[in-house]
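Just below is one structure, and these are the notes that go with it.
Only the coordinates and a few stated rules stand behind these numbers; no lab work does. Quick caveat, the model's predicted, so the values are computed rather than measured. Every residue, glycine as well, gets a Cβ built from its backbone with ideal geometry; the counts of neighbours run over all protein chains shown.
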Amino acid sequence: MGRSICWYQKPTHKVYLSTCASYAGFSKHEYGYAFLIHRKMKLGSSKHQRMTSFAVKAIIEQEVRNGIPSNRIILGGFSQGGALSLYTALTTHQKLAGVVALSCWLPLRTSFPQGPISCVNKDIPILQCHGDGDPLVPLLFGSVTSETLKAMINPANVTFKTYSGMMHSSCIEEMMDVKQFIDKQLPPVD
């Protein structure tokens, strides 16, 4: 059983990060929905990647049926959850508000075209963060992912931030960057 930690709270909304191994959680607030996913998968398993992405797409579709516009949903995750979020955002038919990709890589990158893509999220804002001391997902993986994303979607919408000394973990500075990204992508609605 995992646990959730509340890393950001205002009177109007909360965003939770889950540390549970197979959890997809939502945070409903006046701005819309944000959910961050952390899912353990076998590395290199394209079948599992696609199946898990399909499950996330089903969650998005359910939230749209519940009245939440897809352009008010941000996908995000850490490590494999971030990889899943990137892959799902680039393969879904729903227009999303953005992606938060922490300490991750773009899975199945050879399955994408070698240049601009024409999907509904070709202009999606992406915040990608990585520690320069990460021994599990080396910074090089994050850098290559960032450059690949910039070739696939509007490069002005891809922000790649590195954090000095950060390993395969998180830090306050990174969480503040995530908060600012969410606030920018999901402004208050009237």
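Listed from fewest to most Cβ neighbours within 10 Å, the set Thr159, Thr92 follows the order Thr159, Thr92. Taking 0.36 nm per residue of sequence separation and removing the Cα-Cα distance, the Met167/Gln62 pair yields an extension gain of 34.3 nm. Within the shell defined by Cβ-Cβ distances under 13 Å, the residues around Glu173 carry a net charge of -1, with Lys and Arg each +1 and Asp and Glu each -1.
Between Ile124 and Asn154, the built amide H atoms are under 5 Å apart, and every one of these is 5 or more places off in sequence or on another chain.
Each residue in Phe181, Phe141 was given a count of other beta-carbon atoms within 10 angstrom of its own, and listing them fewest first yields Phe141, Phe181. The phi torsions of the stretch 76-88, fed into the Karplus equation with coefficients 6.51, -1.76 and 1.60 and a -60° offset, translate into couplings of x, x, 10, 6, 5, x, x, 4, 4, 5, 4, 4, 5 Hz, rounded to whole numbers, with Gly and Pro shown as x.
Each of Val99, Val178, Val144 was scored by other Cβ atoms within 10 Å of its Cβ. Listed from fewest to most, they are Val144, Val178, Val99.
Over all other residues within a Cβ to Cβ distance under 12 Å of Leu139, the charged ones net out to -1, with Lys and Arg as +1 and Asp and Glu as -1.
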